[in-house]
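These notes are about the structure you will find just below.
The values are calculated or read from the model by the stated rules, or taken from the named source; none is laboratory data. Small disclaimer: the values here were computed from a predicted structure and weren't measured. Counting neighbours? That spans all protein chains shown, and the Cβs are built from the backbone with ideal geometry, glycine included. Remember, those area values only see protein heavy atoms, side chains included, never the ligands or the DNA or RNA. Shrake-Rupley method; radii C 1.70, N 1.55, O 1.52, S 1.80 Å.
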Amino acid sequence: MQRHRFTTCLALILFIASFSATSFAQRSAPQSAGIPSPKSVLGFTPGDDRTIAGWSQITDYFERLDRASDRVLVQTLGQSTLKRPLIVAFISARENILALPKYKDIQQQLADPRKVTQDLQRDRLFANGKTVVAISCSIHSTEIVASQMSMQLAYELATAQDAETREILQNTILLLIPSPNPDGIDIVANWYRKTLGTPYEGREPPELYHHYAGHDDNRDWFMLNLKETQLITRLLWHEWFPQIVYDVHQQGSNGSRFFIPPFYDPPNPNISPVLLRQVGLIGHKVAADLQADGFKGVLTNALYDTWWHGGFRTAPYFHNSIGILSEAASARLMTPSTVTNEQLTRSSTRGMRSATEATTNFPDPWPAGQWRPRDIMDMEMISARSILEMASKFRGEYLRNFYELGRKNIEATDHTGEPQAYIIPAGQARDEAVAKLVGSLIDQGVEVFRLDRELHAVLATPVLRRTNPVAEKLGNYRRLASLTSSAMQEVPLGSYIVFLAQPQRTNILALFEPQIYPNRLTPLGEAERPYDVAGWTLPLQMGVEAPAVIAIRETPNERKLTLLKDPNEVRADLALALKKGDESPIKNPLKQPVRVGIYKGSIGNMDEGWTRFAFDTFNVPYTSIRDVDMKQGKLNSKFDAVIFASQAATQIINGNAAGTVPAEYTGGISEAGVKNLKEFVNNGGMLICFDNACDLAIKEFNLPLRNTLEGVRSSEFYCPGSIVALDVDNKNPVAATLPNSLPAYFINSSAFSAAADANVRVIARYAKENVLLSGWLLGEDKLRGQIALAEVGVGKGRIVLFGFRPQHRGQSWATLPFIWNALSSATSGSSE
Ligand SMILES: [Zn+2]
C-alpha cells in the first residue's frame, strides 16, 4: 500500500507521524526461528476470507507462543461463564517479562499516590516504569476479526527485530486479551462453520453470544455481574492499572469504515478533561496513521460518546486511565461483503450526515465496493501499532499524568462543593442489595470502610428538580442536595462509608450521584438519542439508601474504621451466607416452590438473558420454554407461572423470518402458542410480562389497558435508560414489604391507562410529581401518575404487567422483589 506520510502541516501531527505508521506486516522479520506463526499452527493466516479460529485454537496458539518466545507470557485469569479459560498475554521485551512483579508494583504505587511519600520515590517510578497498555478483542463475538487479529499481533511483536518495535517492547508492557468472552468466540465460530457454504453463510447466530448478557456483556463494567467482567476487572484495576485501554470493536457494515475517538457529545462531567484530550490525541494519531497508509473512510467525533458508564473503554476513565474504542465496519463475520454507494449515502449518524460526504471529521470517504475481513484486520493492526507507539514515545508523560490524576482525586481541596463521602447506613431492610452494592465497589477497587464506632455527620440526599415547570417538556433539570437535616445526626456503627478522597473519586461520583443528561434535541425538535443509557445511579437502581456526607464531627483520629478487603466481609457483617466458588450464596426468596417457565425464543433477547441471570443469582429454579413447547401446549401441567422478558409481540409470535436462518430457527410461538397461553391463564396460570411483552398480553387477551406511550413522538416524550420514581401500593401482595416509593428502571418503556371501571389492580404508578430520579426525561407529564405495574384477573388465572424493566441488566435490584412476590403468590390462584 502506498504511504503518504506528510499530508498535514500541523506540527504536532507531523511530529507524531514521523515515528509512525509502518504496519507490523512490513516489519515482521522472517528470522524468527522456533517461534510458530499463526499460519503454521492454524493452517491459515488470521483474517483470510472464510476462515475462523475457535477458542481452543486461539488458546493453543498463545500457549505455543508462550513456550517459544521470551517476549510473551500467557496467564489464565480463570474460567468464563461456560467454563472456558480466560487468558491474557503479557508482551514486552524479554527483560521486562522477567521483571513483571517489579513493574506491577510500580503500577500499584502510581495508581495510589498515597503510597508515594517522597518526590524522589515518585521520580524513580516515572523513570523506571513502563506504559502498561491493555488491548481487548471481540468482547462482542460477532465482531470477530479482532480475536483472529490478536494472534497475528502477538506473533509480530514476538518476532519483530526492527529498532522501532524493539523500542516499543522496551517501553511498554502489553496486556493482550484475545477475547474477554471466550464462550462467544465458540458460539460464533461453531455457527460460522455450520453455515459456511450454505445460504446462511455470514449471518449472525440466532442466540445470545454471551450465556446471560449477549451484547450487554459490555454494559457490566461497574456492576460486575458476569464472571468475565470480574476476572478482567481484577487484572486491570487491582493488579496492573493500565495507563491505556484499547477495546477493539466492529460496527455496522454500511457506514464509516473505522471509527476512532475523539468521541461525540455529551462528555461525562466526571471525566477529567485531561483524559478527554489524551483520548483525542491518541485517536488522531491512529486516524493520521491510517490515512497515511491510504485507508479511507476513517471517522472521528461521531456517534459514540463518553456520557455512558459501564463499558470496557469507559471504565478506564473512572480509574484515571485512557480508554480508546475503535469500531471497524463489519464484513459478514469472516465472509467478504459488498457495500453499494446507495447504502453509504443513506448511512448517517450523530456527527456524520452521510458516509459519502467529506467533512473535517471524515475527510476521505470510502468508495463503495467489496469489504473483507482482511481490511478490518489491517486497520486494527495499524491502530494497535499506533497506540503502542504513542505509549512508548510518551512513556514518561503517561505515567506522570496517570499519577497526577490520582493525586488530584485524593487532595480534597480541589473539590469544594462536593460531598466528603457517601454513607450506606446500617439497618437497611435489604441486606442482599447492600452486600451486592458494597461488594461491587470492593471488586472494582473502590475503598469502602466499615464504621466500628458510630459517627456524627451532616447528610444530604441529592434530588433532581425541574428548573422550569412551565417548560417541563424541555426536560431541564438540576440537582439539588436537599439536606435531610442540617444538624449532625448519628450514623450507626456497622454502616459503610466511601470517602471521595481516594484515587477513584470520579468513579464514586459517577456511581452515586444522579445523572442529569443534557437536553439534546435535533434541529427538528426530536430527542437526540444518547449512545447508551442516560442514568444509572447505582444505589438508586438497587434500592439502597446512600446519602452524601457534607460534614463529619469526629476528627480522623476519633474515627474507628475498618477497610474492607473482600465482599465476604460484608456478607459476614450482615449474617448472610458466604460466597464460595462460583455458586451464588443468595437464598431463594420465594415463599414456596413455584414451577416457573421463562420464554426463550429463537431470537437472542438480552432481557431474557438478564432474567435468567436474576433467577440464577437468587437461586430461583426455572425452565426455559422454547417455541416448540409453547406450540405443544399443556402448559398448566408443567408451569405455575410463565414469564416473557421484554420483547416485541411480533417477534414472540413470528420469530425469525423464513429464509434468514436455517428452517429449524424460524417461526415464533405462532397463533397456536398464543392459544395455548390463553388456555394456560384461563386454567389458573400466572403470566408475567416485562415492558414490550405487555403488548402481547394486552392485545391477545383483550385486556382493558392501553400503553399511553405507544406512537408518541420523541419531541413529546422521551426517556432513554433512566431511573424514575414509582408510587407503590404495598397492600397488594405483589408489593408486600416494599416501601411506598421506589426507583424503577425505564428504558423507552411502557406506561398504561385503564378504563375507570376496568377490573385492573394497580400495584404501582409512576410518581405524581418529580418522576425523574436520574438520567433524562422529556415530557414528564406523559408519565406522571400512569400505571407502571398492574395485575388483571383472566379466567382462573392472572396476568402481571410490568411497564418498566424490573431486572434491567442485572442492576435494578430495587424492583426485583416485585417478581419474587408475584411468583410467591402464583400457585394460590387469583388473589381476589
Ligand atoms: Zn461492539
Legend entry - Amide H partners (placed H, <5 Å) of Val245, local residues excluded: Ala134, Ile322, Gly323, Ile324
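Under a 1.4 angstrom probe, counting protein chains only, how are Tyr622, Tyr745 ranked by accessible area, largest first? Walk me through the numbers on the way to the answer.
Details: Tyr622 60, Tyr745 5 Å².
Sorted descending by solvent-accessible area, the residues read Tyr622, Tyr745.
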Legend entry - Distance (nanometres) between label positions extended 7 Å along Cα→Cβ at Ala658 and Ala756: 5.0
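Rounded to the nearest angstrom and ordered from largest down, what semi-axes does the equivalent ellipsoid of the chain get from its C-alpha gyration tensor (root of 5λ)?
Values: eigenvalues 370, 232, 132 Å².
Taking √(5λ) for each eigenvalue gives 43, 34, 26 Å, largest first.
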Legend entry - Over the chain: helical MRE at 222 nm, DSSP H runs n ≥ 4 each giving -39500 (n - 2.57), nearest 500: -9000 deg cm²/dmol
Inset, instruction - Determine the dipole magnitude for the stretch 182-326: charges of +1 sit on the beta-carbon of Lys and Arg, -1 on that of Asp and Glu, nothing else is charged, the reference point is the Cα centre, and the result goes in debye to the nearest 20. - result: 260
Inset, instruction - Can you work out the accessible area per residue across the chain, with the rest of the protein chains kept in place, probe 1.4 Å, in square angstrom? - result: 37
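Could you calculate the contour length gain from Glu710 to Gln170, that is, 0.36 nm times the residue separation minus the distance between their Cα atoms, to one decimal place in nm?
Values: separation 540, 0.36 × 540 = 194.40 nm, distance 5.90 nm.
Length gained, Glu710 through Gln170: 188.5 nm.
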Inset, instruction - Tally up the carbon and sulfur contribution to the accessible surface of the chain as a whole percent, 1.4 Å probe, everything protein left in place. - result: 51
Inset, instruction - Starting from the Cα gyration tensor of the stretch 145-196, take the square roots of the eigenvalues, sort them a ≥ b ≥ c, and report rounded, prolate or oblate (rounded when a/c is under 1.5, otherwise prolate if a/b is larger than b/c, else oblate). - result: prolate
Inset, instruction - Could you work out the relative contact order of the chain, using alpha carbon pairs under 8 angstrom and six or more residues apart, expressed as a whole percent? - result: 11
Inset, instruction - Determine, at each q value in 0.21 (inverse angstroms), the log₁₀ of I(q)/I(0) that the Debye formula gives when each Cα of the stretch 100-246 is one equal point scatterer. - result: -1.25
Legend entry - Options Trp240, Leu635, Gly609, ranked by Cα towards positive dipole end of the chain, top entry (Cβ charges): Leu635
Inset, instruction - Give the shape of the stretch 155-229 as rounded, prolate or oblate, defined through the alpha-carbon gyration tensor: a ≥ b ≥ c are the square roots of its eigenvalues, a/c under 1.5 means rounded, and otherwise the shape is prolate if a/b is larger than b/c and oblate if not. - result: oblate
Inset, instruction - Beta carbons within 10 angstrom, averaged per residue: use that to sort the peptides 791-801, 704-714, highest first. - result: 791-801, 704-714
Inset, instruction - Enter the accessible area of Thr76 (Å², nearest 10), with the probe set to 1.4 Å and all protein chains included. - result: 90
Inset, instruction - Please give the length that would be gained between Ser482 and Gln118 if that part of the chain were fully extended, namely 0.36 nm times their separation in residues minus their C-alpha to C-alpha distance (nm, one decimal). - result: 126.9 nm
Legend entry - Out-of-range pairs (alpha-carbon distance over 30 Å; input Lys436/Lys638; Lys104/Lys393; Lys130/Lys580): Lys436/Lys638; Lys130/Lys580
Inset, instruction - Note the full-extension length gain between Ser354 and Asn519 as 0.36 nm times their separation in residues minus their Cα-Cα distance, in nm to one decimal. - result: 57.0 nm
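Anything over 28 Å Cα to Cα? Flag those among Lys39/Lys227; Lys731/Lys768; Lys591/Lys678; Lys631/Lys796, in the order listed.
Lys39/Lys227
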Inset, instruction - Specify whether the C-alpha gyration tensor of the stretch 275-390 places it in the rounded, prolate or oblate class, a ≥ b ≥ c being the square roots of the eigenvalues: rounded for a/c under 1.5, otherwise prolate if a/b is larger than b/c and oblate if not. - result: prolate
Inset, instruction - Out of all DSSP beta bridges with both ends in the chain, state the antiparallel percent to the nearest 5. - result: 65
